[in-house]
Every structure is written in C-alpha cells, then in structure tokens.
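Written out below as structure tokens is the structure these notes cover.
Taken together, the values in this text are just the output of simple stated rules run on the coordinates, not laboratory data. Predicted model, so just to flag it, every value in this text is computed and none were measured. So basically every Cβ, Gly included, is an ideal-geometry build from the backbone, and we count neighbours across all protein chains shown.
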Amino acid sequence: MEWTWAVLSVIGAFGQALGWGLKKKALNNSGVNNTTGLVSYGVAGAVLLGLSLVSGGVAHLTTVFWVATLFVVLLNVLAAWTGYRAVDKGDLSTLMPFMALTALAIVPIEYLLRETLPTPHQLCGMIIVVLGAFISAWKSKPTKASLAVAGYFGVTLACYSITSPLMGVAVNEAGSGLRFAAIMHVGIAIGFVFLCLISREWRVIKELKHRRQWVRTLWWMVLAGIVIALFENGPINIALETATASEVFALKRTMPFFALMLGVMMFGERVTRWHIIGTAFLVLGSVLIVWFK
C-alpha cells in the first residue's frame, strides 16, 4: 500500500525509543556495555536473518552493497559503544531528543554529493533544530559528568548522521530491507565480540551471577534485541524498499516524543516544560530539513 512505509517508519521511531529504554535497563548494571551490544544485536540479527531467509532466500550482493554495509556496521558499533555510555549515565528523555540533530548532516551531505544548496524549508528547519537543542540542553551550571555524557552522545549522533543515507544505498543494492538488516545486525554483533574480549567483561558477569542479577540483566538484553528486530530496524529497512531515506528518516525523527513518554513511564524521569518545548522544536525542525530537501 502507498502509505505502508509511513506506518512502518513511525513504528520504527517507537521501536528505537523502546529499544534504548530496554538497553538502559540492562545498563543499570555498570560494566556490561559491550555484552549488552553483543546480546541485543546478536538476537536482532538472528531474528532478522530467519525472517529474511523465509521471505526471500539468498541473493547475489554487489560490491557497492558490501562497502556501504561495512561502513554502516563500523559506524553503528562506534555509535552504540558511545551511546551506551551516555544513556547509562543520562536520562532517556533528555538524551533521545538530540537524535534530531542528525538531520543537520543532510545539508552538507547533499551539497557534497549533488552540490545542492539548502531550500528555504531546510534553512528554517536548521534554525528550529538549533533553537530546540539550546532549549533542551539549557542548564545553569553544567557538571563535569553531564559534559562527559554529552561528549559520548555527540559521537553517537555524528555516526548516525552518516549511516542514514548509507543504509538507503545498501537496501537498494540488496533489493530487500530484511536482507540488509540481517547482515548489518550480525556484523554489529561480531564487532561487539571483539570489544567484549578486549574489555574482559566476563569478570563483571561473574560478579552479577554471584549476586543473582545476571539472568534478569540478560533478559533485558534479549528483549532489547527482539524490539530492535521487530519494532525498530526491521520496519525501517522494509520502509526503505518503497520510500526514500529522506521520507523514512523524517518520520523516524518523531522518536523523541516516544522517548519522552517512556522516560517517565520506565524510569520515573522528571520532565519539565523545557524538555517538552525543546523536543517539539527538535522534531519539527528535523522533519522540515529531511522532508523538504
């Protein structure tokens, strides 16, 4: 159907917010960041791989696909690694609205690829996004801890700014959103295998088992992986089969609204009127940038 991609994009926005919320539940046990990435993306990869094989089997994949996917995987591993450190220490309702800042990268990327200057709608959107960021981040005295969180999440946003158009390229080359999503998530899980070995997180897991907290933590990780597959990246990559990356990611930028509500419901976070106003500005501005390019 004509508007199926729009419904899938909004589902993906909700799934992204819920997925980050579940990962934050797992990350409340400090020291299992890389294990969270391995388990959640591994489960997501297994689910998507099964769905991909059932729906379309195996197809020949081009060199362009593998190059685009490689960059998406590497950047997503880095984005998740820094993002987990940020969300472990910061509030979901405070951090997630800044995902909208990734829309700003579309303007320079479009200029480099096609030498197209921003439209009036985009310029207006850029101003609104920056204003929304200032409102959302407004604090009289930023602490050392809050600056560290901002630094980590800044890297996450930079990585996601680049991966959005690359995902569109990879899906087009693969001919199937599920096929690309399965390979991408398996690749990210493999990246976290190496990070787990380097960080030696098995020591933390051993301590969690001793305190009888490991099973509960593991279930949060598994549940996050299922949500990633079925409600976040699965729907988003299927939407990319019939719509452009600009259209899909414009609707995915509504995610901060879901994160705002989930932050309150899942963690009892305190949301002020500045959070609400700033989030509204960030979402509105990013939609203008992405949709009207």
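Taking only the Cα atoms of the stretch 140-293, the ratio Rg/Rh comes out at 1.00, with Rh defined as the Kirkwood radius.
If the segment from SER146 to LEU131 were pulled out straight at 0.36 nm per residue, it would be longer than the present Cα-Cα gap by 3.4 nm. Top mean-square fluctuation among PRO118, PRO108, PRO256, Gaussian network model of the chain, C-alpha springs under 10 Å? The residue with the greatest mean-square fluctuation here is PRO108.
In this rough spin-label picture, where each label sits 7 Å from Cα along the Cβ direction, the MET265-GLU207 distance is 3.3 nm. Of the Cα atoms belonging to the stretch 225-287, the radius of gyration and Dmax stand at 13.8, 39 Å. Modelled this way, with points 7 Å down the Cα-to-C-beta line, the labels at THR62 and ILE226 are 3.8 nm from one another. Helices in the chain that qualify as membrane-span-like (whole DSSP H runs, Cα extent of at least 30 Å along the helix axis, mean Kyte-Doolittle hydropathy of 0.0 or higher) are 4-27, 33-56, 63-89, 144-174, 177-199. Across the stretch 183-234, the volume of the C-alpha convex hull divided among the residues equals 65 Å³ per residue.
With an 8 Å cut-off on Cα pairs and a minimum separation of 6 or more residues, tell me the relative contact order of the chain in percent.
45 percent
Based on DSSP H segments of at least four residues, each scored -39500 (n - 2.57), the chain has a per-residue ellipticity at 222 nm of -26000 deg cm²/dmol.
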